[in-house]
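**Q** First the structure, then my questions, so here it is.
The values are calculated or read from the model by the stated rules, or taken from the named source; none is laboratory data. Because the structure is a prediction, the values reported are computed rather than measured. Cβ placement follows ideal geometry from the backbone for every residue including glycine, while neighbour counts extend to all protein chains displayed.
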Amino acid sequence: MRSEHWKGVCTMTKMLTTLRKGDGGKVIGIDAGKTATKRLYEMGFNTGASVKIIKNDSGPVIVSLNGNKMAVGRGLAGKIQLEATEKSAGCI
Amino acid sequence: MDKKTIALVGNPNSGKTTFFNMLTGSNQYVGNWPGVTVEKKVGAFTHRKTEYDVVDLPGTYSLGAFSEDELVARDYILSDDADVIVNVIDASNIERNLYLTTQLLEMGKKVVIALNMVDEAKRRDISFDLDALSRALGAPVVPTVASKEIGKDALIEAAIAAIDEDREPVNPVTYTDAVEHHIEHLHALFEGRALPYPADWTAIKIIEGDADIAQKLHDMRVDEDVLRGVDNFRRYHSSDSFELDVVDSRYAFAHRVAEQAVVRPEQEVVTLSDKVDRVFTNKYLGIPVFALIMLVMFQLTFAVGQDLLGGVAVEIIEGLGGLIEGFLGIIHAPAWLISFVIEGAVSGVGAVIEFVPLIAVLYLLLGLLEDSGYMARAAYVWDDLMRRFGLQGKAFISMIIGFGCTVPGIMSTRTMDNRKDRMITLLITPFISCGAKLPIYLVFIAAFFPSYGGLVLFLLYAFGIFVALVMAKVFNQTMFRGESSYFIMEMPPYRIPTVKNVLRNMWDNVSGFIKKAGTIIFLVITLLWVLAVLPTSVEPYSEFSLLGRIGAFLAPIFRPAGFGTWQEAVALFAGIPAKEAVVGTLGMLYAGQYLEEGMILVDAIRQHFTPLTALSYMTMVLLYTPCAATLAIVAKETKSARWPVFMALYTFAIGWLIAVIVYQVGSLFIG
């Protein structure tokens, strides 16, 4: 899934639930049902939206979307696909 | 000149309610009091000697056909009853709030933007180029801080100016080529035909696959060709991706506007709110913190509402009763009238009114909780656990609102995104003990558990939640098996509750409580009084009275639960029109029996109950059939007569069953 490397930052496609606190990325697709997808889009998880993880331990995932916090249930969060930008550690 | 109307539209958490209160002050026609469904609140204000109406629409993220709230807001905007729309925007959350704005602009409405809570944005180091914002949106923008009444006059001036202005609003959104192509195509189809809605907007809705609008066009019997064209499009050209493309285009516009007009710091400022959240949403601390907040809430309700102010209310009622009795004696009123006033009205309705201070404190605290932003955290920390019972976190908000009153609790299920979550939450909310049941517990607590008031109350409420969750699981496994559920929720920053909002909320509820005491409860008590003193040949309030005989007929049902006398049975049924009537009825019936011996209600209850039967009676009250207003709102929200009947019966069965278990198991220990 690894795609690119430069200056110690790499990007890869990941599901929202697999990211850790402080990680970020851009929404590239949502693989949920029709209404859930539409709702996520309308709440700001539309194509290209940049997302930062605030909290991802138990319960819903909390993310920052344009600086505002949103909680997304784990089930649904597992269907949000991101182009993740992470610190290089796990990438090289 | 006819009166002009201003409609308020905005996201949830954009401070719209505060805004409404700022504009209208105390000048509201419709209070949001329990039992009356208020979908949109109406108020008025006077500016330069002209009166204006203000309509507060439900807070929504979008104007699709997604939820009941969105439809209410959208239908009102489409009705053209409003002369101008004030779009309240959370300044710290520009993009998502502008998503709603773009839809207003698509509708071709005159919009004035209230850029609200600019103070909060400033604390987060966010600043604005107001001219650029206004230019990009083609609408006037006024910065406001509704909680501090900043920007009120400027906003009113801008709204009034917009009403008189002739400028046609333009839709600033650019769609994808495919969508634009279809808009053009549909536009050509609509050309020159009478449509109930703006042509371009109708086209966008059809492309978005909005079934509600397609249906409305059919219902309104617009031109045959138009209907055929629309149906053709829906059948052959529509695609799910258009719907999402349109959302993307609107957001692209919102982002562009934000880039032009908003300056944000490189690094997000860590606010106090973030720090508080580290504790309140903590994996291990979240639920204990919640339990602590609830326990403190009930203790405070008790300490202030009962111990501090409760005595005052009792004295006022008793003093008033004495005065009226004296007066009736002086004018030589007939004995039956004195009996009615003292035993019926004063003892019955008075028993309810005595709890006004307590109810007031409960609503005050609930209002603080609701206004502070904590509700979203409660929903968050409970989501995981709720999921195990087949529910989602938002159901918990409805349950907390249900502590105050079941009716708004049930109405709040509208914010839930799918039918299953909504229906299950709606069915279990009556188990969450409401404010009107509080007086019932309190007289029993005063009679038997005076030193443990807060704790007993907390346990009762907790037990109600427990039963609600178990029933949710049952419904999830049976009636709503396999339907899907999901959870998306905004976590707004914590805000200091505004005094005005909290007091307004409290007053609406308390005045509703008093109105109910003066109307429904008074009627119930009067009816029961008549039945209790007839026929005249027998001892009034005895088991030989009409009421006594009815009660004696019903009483055996409750014998297994330990409270099998006719008075208790009558009181339970009297509670179905309104819960407060339970205490009122007991007050009246025991007053008729014991008043001459100088006993008060609490003493009478000690005569009739034991600690154990008091517990089983409280359990029954906690769980059994909800009040008529609740059943009515269930009928309305589900658009069905079957659900309320089902609710009335199943809750009665559960209440009875658990009351019997409490009594029978308790008897084993006590002997």
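**Q** Taking segment B:256-265 on its own, how many of its residues are touching a helix residue (DSSP H, G or I) at 6+ places or on another chain (Cβ under 6 Å) and under 22 Å from B:Thr176 (Cβ atoms)?
**A** Counting residues in segment B:256-265 that are touching a helix residue (DSSP H, G or I) at 6+ places or on another chain (Cβ under 6 Å) and under 22 Å from B:Thr176 (Cβ atoms) gives 3.
**Q** Quick one: which residue in B:Val246, B:Val257, B:Val230, B:Val226 is over 17 Å from B:His185 (Cα atoms) and of a type outside the set (Asp, Glu)?
**A** Of the residues listed, the single one that is over 17 Å from B:His185 (Cα atoms) and of a type outside the set (Asp, Glu) is B:Val257.
**Q** Same structure, new question: Taking segment B:522-548, which residues are surrounded by fewer than 15 Cβ atoms within 10 Å (Cβ to Cβ) and among the charged types (D, E, K, R)?
**A** Residue satisfying the conditions is B:Glu539 alone.
**Q** Under the condition of being over 30 Å from B:Ser134 (Cα atoms), more than 11 Å from chain A (Cβ to nearest Cβ) and not charged (D, E, K, R), which residue from segment B:255-284 is surrounded by the most Cβ atoms within 10 Å (Cβ to Cβ)?
**A** Filtering first and then ranking leaves B:Phe280.
**Q** Something else: I need the full set of residues from segment B:318-375 which are assigned to a helix (DSSP H, G or I) and of a type in the set (D, E, K, R), in order please.
**A** Result: B:Glu318, B:Glu325, B:Glu343, B:Glu370, B:Asp371.
**Q** Specify the residue that is surrounded by the fewest Cβ atoms within 10 Å (Cβ to Cβ); the eligible residues are those in segment A:46-61 that are facing another protein chain (nearest Cβ under 7 Å) and of a type in the set (D, E, K, R).
**A** A:Asp57
**Q** If I ask for residues that are of a type in the set (A, V, I, L, M), out of contact with any Asp or Glu (no Cβ under 8 Å at 6 or more places or on another chain) and in a helix (DSSP H, G or I), which ones from segment B:308-317 would you list?
**A** B:Leu308, B:Val312, B:Ile316
**Q** Any chance segment B:480-488 includes a residue that's modelled with pLDDT under 90, surrounded by fewer than 21 Cβ atoms within 10 Å (Cβ to Cβ) and more than 14 Å from every other protein chain (Cβ to nearest Cβ)?
**A** Scanning segment B:480-488, I find at least one residue that is modelled with pLDDT under 90, surrounded by fewer than 21 Cβ atoms within 10 Å (Cβ to Cβ) and more than 14 Å from every other protein chain (Cβ to nearest Cβ), so the answer is yes.
**Q** Further question on the same structure: Among residues belonging to segment B:204-246 that are part of a helix (DSSP H, G or I), of a type in the set (S, T, N, Q) and closer than 20 Å to B:Ser62 by Cβ, point out the one that is nearest to the chain's Cα centre (by Cα).
**A** B:Gln215
**Q** When residues of segment B:310-335 are filtered for being in contact (Cβ under 8 Å) with a residue 12 or more places away in the chain and either of a type in the set (Gly, Ala, Ser) or under 17 Å from B:Ile445 (Cα atoms) (or both), how many remain?
**A** 4
**Q** Would you mind finding the one in B:Glu106, B:Glu95 that is at pLDDT below 95 and either within 28 Å of B:Val269 (Cα to Cα) or under 23 Å from the mean Cα position of the chain (by Cα) (or both)?
**A** So the residue among B:Glu106, B:Glu95 that is at pLDDT below 95 and either within 28 Å of B:Val269 (Cα to Cα) or under 23 Å from the mean Cα position of the chain (by Cα) (or both) is B:Glu95.
**Q** Do you know which residues across segment B:159-190 are closer than 28 Å to B:Val226 by Cβ and of a type in the set (A, V, I, L, M)?
**A** Passing the criteria: B:Val170, B:Val173, B:Ala178, B:Val179, B:Ile183, B:Leu186, B:Ala188, B:Leu189.
**Q** Just a yes or no: is a residue in segment B:139-159 over 33 Å from the mean Cα position of the chain (by Cα) and farther than 14 Å from B:Ile89 by Cα?
**A** no
**Q** Now for a different question. Find the residue count for segment A:62-78, including only residues that are in a loop (DSSP other than H, G, I, E, B) and within 9 Å of another protein chain (Cβ to nearest Cβ).
**A** Within segment A:62-78, residues that are in a loop (DSSP other than H, G, I, E, B) and within 9 Å of another protein chain (Cβ to nearest Cβ) number 3.
**Q** Under 6 Å between Cβ atoms, at least 6 apart or on separate chains: pull out the pairs that start in segment A:31-45 with a residue that is facing chain B (nearest Cβ under 7 Å) and end on any residue that is part of a helix (DSSP H, G or I) and charged (D, E, K, R).
**A** If the second residue must be part of a helix (DSSP H, G or I) and charged (D, E, K, R), the pairs left are A:Gly44/B:Arg96.
**Q** Please give the number of the condition B:Lys473 fails out of (1) modelled with pLDDT under 85; (2) touching a Phe, Trp or Tyr at 6+ places or on another chain (Cβ under 8 Å); (3) farther than 16 Å from B:Tyr624 by Cα.
**A** The single condition B:Lys473 does not satisfy is (1).
**Q** Looking only at segment B:150-173, count every residue that is assigned to a loop (DSSP other than H, G, I, E, B) and either of a type in the set (A, V, I, L, M) or surrounded by 15 or more Cβ atoms within 10 Å (Cβ to Cβ) (or both) and tell me the total.
**A** Qualifying residue count for the region: 6.
**Q** Also, quick follow-up: Determine which member of the set B:Ile401, B:Ile359 is of a type in the set (Val, Ile, Thr), at pLDDT below 85 and farther than 19 Å from B:Val621 by Cβ.
**A** Within the list B:Ile401, B:Ile359, the selection yields B:Ile401.
**Q** Shifting gears a bit: What pairs can you find where one residue is in segment B:478-501 and in a loop (DSSP other than H, G, I, E, B), the other is aromatic (Phe, Trp, Tyr), and their Cβ atoms are less than 7 Å apart, with a gap of 6+ or different chains?
**A** B:Met491/B:Tyr380
**Q** Residue under question is B:Glu224, and the condition is that it be surrounded by fewer than 16 Cβ atoms within 10 Å (Cβ to Cβ) and away from chain A (no Cβ under 14 Å); does it hold?
**A** So B:Glu224 fits the description; yes.
**Q** Restrict the check to segment B:506-521 and report whether at least one residue is within 14 Å of chain A (Cβ to nearest Cβ), small (Gly, Ala, Ser), surrounded by 16 or more Cβ atoms within 10 Å (Cβ to Cβ) and in contact (Cβ under 8 Å) with a residue 24 or more places away in the chain.
**A** No: segment B:506-521 contains no residue that is within 14 Å of chain A (Cβ to nearest Cβ), small (Gly, Ala, Ser), surrounded by 16 or more Cβ atoms within 10 Å (Cβ to Cβ) and in contact (Cβ under 8 Å) with a residue 24 or more places away in the chain.
**Q** Here is a further query. Test B:Pro288 against the stated conditions and say whether it is surrounded by fewer than 12 Cβ atoms within 10 Å (Cβ to Cβ), at pLDDT below 85 and away from chain A (no Cβ under 12 Å).
**A** No, not satisfied.
**Q** Ok, one more. From (1) buried (at least 23 other Cβ atoms within 10 Å of the Cβ); (2) modelled with pLDDT of 95 or more, pick out the condition that doesn't hold for B:Phe128.
**A** (1)
**Q** Could I ask something else about it? Provide a single number: the residues in segment B:74-100 that are within 26 Å of B:Arg495 (Cα to Cα), out of contact with any helix residue (DSSP H, G or I) (no Cβ under 7 Å at 6 or more places or on another chain) and away from chain A (no Cβ under 14 Å).
**A** Residues meeting the conditions: 0.
**Q** Same structure again: Check B:Gly409, B:Gly454 and return the single one that is surrounded by fewer than 20 Cβ atoms within 10 Å (Cβ to Cβ) and more than 14 Å from chain A (Cβ to nearest Cβ).
**A** Only one candidate qualifies: B:Gly454.
**Q** Restricting the search to segment A:28-61, which residues are assigned to a strand (DSSP E or B) and closer than 17 Å to B:Asp384 by Cβ?
**A** A:Ile54, A:Lys55, A:Val61
**Q** Report yes if some residue within segment B:48-55 is over 24 Å from B:Thr413 (Cα atoms), in a helix (DSSP H, G or I) and free of Cβ contacts under 8 Å to residues at least 60 places away in the same chain; otherwise report no.
**A** No: zero hits.
**Q** I've got another one for you. Checking the structure you have, find out if any residue of segment B:572-582 is under 21 Å from B:Leu631 (Cα atoms), of a type in the set (Lys, Arg) and in contact with a Lys or Arg (Cβ under 6 Å, 6 or more places away or on another chain).
**A** Within segment B:572-582, one or more residues are under 21 Å from B:Leu631 (Cα atoms), of a type in the set (Lys, Arg) and in contact with a Lys or Arg (Cβ under 6 Å, 6 or more places away or on another chain).
**Q** Is it fair to say B:Ser412 is outside any helix (DSSP H, G or I) and either more than 16 Å from B:Met471 (Cα to Cα) or out of contact with any strand residue (DSSP E or B) (no Cβ under 8 Å at 6 or more places or on another chain) (or both)?
**A** no
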